[in-house]
1. Scan Glu7, Glu55 and give me the residue that is farther than 14 Å from Val103 by Cα, under 23 Å from the mean Cα position of the chain (by Cα) and not aliphatic (A, V, I, L, M).
2. Which residues, counting only those in the range 26-53, are more than 18 Å from Val114 (Cβ to Cβ) and assigned to a loop (DSSP other than H, G, I, E, B)?
3. Among the residues of the range 23-44, is any surrounded by fewer than 18 Cβ atoms within 10 Å (Cβ to Cβ), of a type outside the set (Gly, Ala, Ser) and either touching a strand residue (DSSP E or B) at 6+ places or on another chain (Cβ under 9 Å) or touching a residue at least 24 places away in the same chain (Cβ under 8 Å) (or both)?
4. For Ser80, all conditions in the list (1) without any contact (Cβ under 8 Å) to a residue 24 or more places away in the chain; (2) closer than 23 Å to Leu191 by Cβ hold save one; what is the number of the exception?
5. Determine whether Glu169 is loosely packed, with under 11 Cβ neighbours inside 10 Å, assigned to a helix (DSSP H, G or I) and without any contact (Cβ under 8 Å) to a residue 60 or more places away in the chain.
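Just so you know, all these numbers are worked out from the coordinates, no wet-lab data involved. A quick note: this is a predicted structure, and the numbers were derived from the prediction, not measured. Virtual Cβ from ideal backbone geometry, glycine too; neighbours counted across all protein chains shown.
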Amino acid sequence: MKTTRAEISHAALRLMAAKGYRGATIGEIEKAVGLAPRAGGFYRHFRNKEEILFEAIDAYAAEILSELSNLKNIPQSSASAELTAMTKLIVAHAARHRDLRLVLRRDGRNLRGVQARIRQFNQADAWDVFVQWTKHQLGKRRIDKNVRQHTFLIFSTLALVLYLQDYGEFPLSLDRDEALDHWVHRSIEYLRAVRVANTS
């Protein structure tokens with residue numbers, strides 16, 4: 001059973017995703033969870049809406065990093081299987097946090113403190129997981145500019161898929177799962193070609 005604090009956070013993110021950060025009022029959030037509007041119920045749990053976003057971003061980051069870390073402990077039969085498992089995990093995680101992702105896409109640039117929090121997570125943590133995986137697939141001993149460029153080329157497609165998923169659209173009547181399977185195979189072929197080119 002959710003606590004009142006968790007219910008407020010969930011309702012706030014849902015309303016902010018629908019109306020925007022500034023459009024979702026404290027009164028509306030209180031009403032959505034059965035609290036008397038503008039009677040102070042919100043402030044017994046949070047200082048402001050920004051605190052909700054900070055906590056949601058931190059939870060989002062901790063959850064995905066924990067799941068990716070756990071995934072490393074599960075043996076996979078091939079690089080393709082590893083990338084497929086990683087992709088399914090990331091896509092499912094993004095779907096569970098769709099409201100937060102929509103708020104950040106819409107209003108993140110205009111909220112200075114939130115923007116810094118996002119950059120810290122994206123650059124220091126999640127990105128490093130992808131870079132390390134790419135480095136391993138390329139057989140590199142250290143991370144250099146080329147490893148980062150190859151990582152970007154591969155995982156930028158996944159970022160586009162997550163963007164389309166956030167907005168509930170997938171182009172050209174493509175099946176998302178089939179498109180992701182195709183992307184996994186093409187990514188592995190690309191990495192193999194790079195590895196061969198580097199050893200020849």
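1. Details: Glu55 fails: farther than 14 Å from Val103 by Cα.
Sole residue among the options that is farther than 14 Å from Val103 by Cα, under 23 Å from the mean Cα position of the chain (by Cα) and not aliphatic (A, V, I, L, M): Glu7.
2. We begin by selecting, within the range 26-53, every residue more than 18 Å from Val114 (Cβ to Cβ); these are 27-28, 30-45.
Hits for the range 26-53 are Val33, Gly34, Leu35, Ala36, Pro37, Arg38, Ala39, Gly40, Gly41, His45.
3. no
4. For Ser80, the failing item is (1).
5. Working: loosely packed, with under 11 Cβ neighbours inside 10 Å: yes; assigned to a helix (DSSP H, G or I): no; without any contact (Cβ under 8 Å) to a residue 60 or more places away in the chain: yes.
For Glu169, the condition - loosely packed, with under 11 Cβ neighbours inside 10 Å, assigned to a helix (DSSP H, G or I) and without any contact (Cβ under 8 Å) to a residue 60 or more places away in the chain - is not met.
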